[in-house]
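We did not get these values from a lab; they are worked out from the coordinates using the rules stated. Predicted, not measured: the structure shown is a model, and the values here were computed from it. Neighbour counts are summed over all protein chains in view; Cβ atoms, including those assigned to glycine, are modelled from backbone coordinates with ideal geometry.
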Amino acid sequence: MSIIRSVVTGCGAYLPEKVLTNEELSQTVDTSDEWIVERTGIRERRIAAEGENTSDLALHAARNALSDAGLEPGDIDLIILATATPDLTFPATAVTVQAELGITDGAAFDIQAVCTGFVYGLTTADNFLRCGQHKRALVIGAETFSRILDWEDRGTCVLFGDGAGALVLEAQEGVGDNSDRGILRTRIRSDGRYQDKLYVDGGPSSTQTTGYLRMEGRDVFKHAVTNIASVMAETLEASGVEPKDIDWFVPHQANKRILDGTARKFGLSNERVVITVDRHGNTSAASIPLALNVAKQDGRLKRDDLVLLEAMGGGFTWGAALVRW
Ligand code: UT7
């Protein structure tokens, strides 16, 4: 039986130039390189320059992904941009990227699922491509979390960074089993009862301000460990895939302790886990495509490899995706 699959044909990313080290942070808040590395695995993160917006980071990542795919912007008929830090309240940052790319056809919109945004974006694009409504999609995760951090709150400001990553997906025919290239399965979840554990305390309708990120880290940690494990288990089981079949585990990069614990639980050896949290910090919706790009560029991630992605974030939202590269 022939079915439509959303196949990854291009991958790109972009990081702002400015590096902010733990050492530098310890000069402005009561923290230390030792604490940050031990509790999170983060050593440094990137910070967008003044005037450098989420759309600018997204545009660089999108151009790199298009060039990797050997495509022109006009070949794209769907842009989905996952972000919790849009340039403006509206219009969607995706349409700014669309205009900068010179695309006047198709559709572009943002998705807001915070750190799970990229998995939500992939899921949405996959459904549009598989139903035949669009042919080629750019799925972008782009964030400037540095703009919504309270730089006096050591419990949050040391954790996040800025960046963007993008994939090009193309509708192609597959045979309908796990040997197909492309997105094999996705699963997304949310539970709005936990909004107050991780949120931004401002918005157009409530305060008419942008607000700052607030988090009860310990609670988020506990839920992350449980939710990630359950959605990964469901995704693997529904696909008839065992952890041993996974070539690369590319998790959302929030905290190295969470990644290590999850990998251990599923028997995924360290060599099969892509880790970027040390260099990028938590870049929210951008972290998975940034990590995919690192693994692709350094030669680890190859065509036909089986990749498991997962993320968890504010909402709570969480999800996983199984992709044959
Ligand atoms: O991407 C979305 C999902 N987000 C996450 O998954 C994040 C989940 N949470 C975490 O990663 C961790 O909970 C944190 C890294 C945020 C915190 O680590 P923790 O081991 O849970 O620490 P804690 O919050 O329990 O704090 C332990 C101590 C506290 O001091 P007391 O009360 O024991 O005296 C904090 O005040 O560490 C203190 N602390 C710090 N000390 C130095 C908190 N932040 C810092 C800091 N530097 N930056």
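Per-residue ellipticity at 222 nm computed for the chain from its helices equals -9500 deg cm²/dmol, with DSSP H segments shorter than 4 residues left out and the rest contributing -39,500 (n - 2.57). Karplus-derived 3J(HN,Hα) values for the stretch 172-178, using 6.51 cos²θ - 1.76 cosθ + 1.60 with θ = phi - 60°, are 9, 7, x, 8, x, 10, 6 Hz; glycine and proline are entered as x.
Judged by the mean number of other Cβ atoms found within 10 Å, the most tightly packed of the peptides 29-40, 84-95 leads the ranking 84-95, 29-40. Within the same chain, lysines fewer than 8 places from LYS265 are excluded, and of the rest, those with a Cα less than 20 Å from its Cα are LYS222, LYS244, LYS256. Before anything else, pin down the relative contact order of the stretch 3-174: Cα pairs under 8 Å, at least 6 apart, normalised by residue count, whole percent. In percent, rounded to a whole number, it is 36.
Listing TYR194, TYR14 from fewest to most neighbouring C-beta atoms within 10 Å gives TYR194, TYR14. Taking amide H positions as modeled 1.01 Å from N, with prolines and chain starts lacking one, the residues under 5 Å from PHE249 and 5 or more places away or on another chain are VAL273, VAL274, LEU308. Residue ranges 204-217, 304-317, 281-294, 254-267 sort as 281-294, 304-317, 254-267, 204-217 when ordered by packing (mean number of other C-beta atoms within 10 Å per residue, highest first).
For the chain, rounded, prolate or oblate, judged on the Cα gyration tensor with a ≥ b ≥ c (square roots of eigenvalues), a/c < 1.5 rounded, else prolate if a/b > b/c? In terms of gyration-tensor shape, oblate.
Packing, as the average of other Cβ atoms within 10 Å across residues, places the peptides 116-128, 48-60 in the order 116-128, 48-60, highest first. Oblate is the label for the stretch 63-134. Its Cα gyration tensor axes, ordered a ≥ b ≥ c, give a/c of at least 1.5 and b/c at or above a/b. The gain in end-to-end length when the ASP305 to GLN172 segment is fully stretched comes to 46.1 nm, 0.36 nm per residue minus the alpha carbon separation. For the stretch 65-224, the antiparallel share of DSSP beta bridges with both residues in that region comes to about 55%.
Note on GLN27 and ALA107: with the Förster distance fixed at 45 Å, the Cβ-Cβ geometry gives a FRET efficiency of about 0.45. Note on the chain: antiparallel DSSP beta bridges, both residues inside, total approximately 75 percent of the bridges counted. In terms of surrounding Cβ atoms within a 10 Å radius of their Cβ, MET232, MET1 rank from fewest to most as MET1, MET232.
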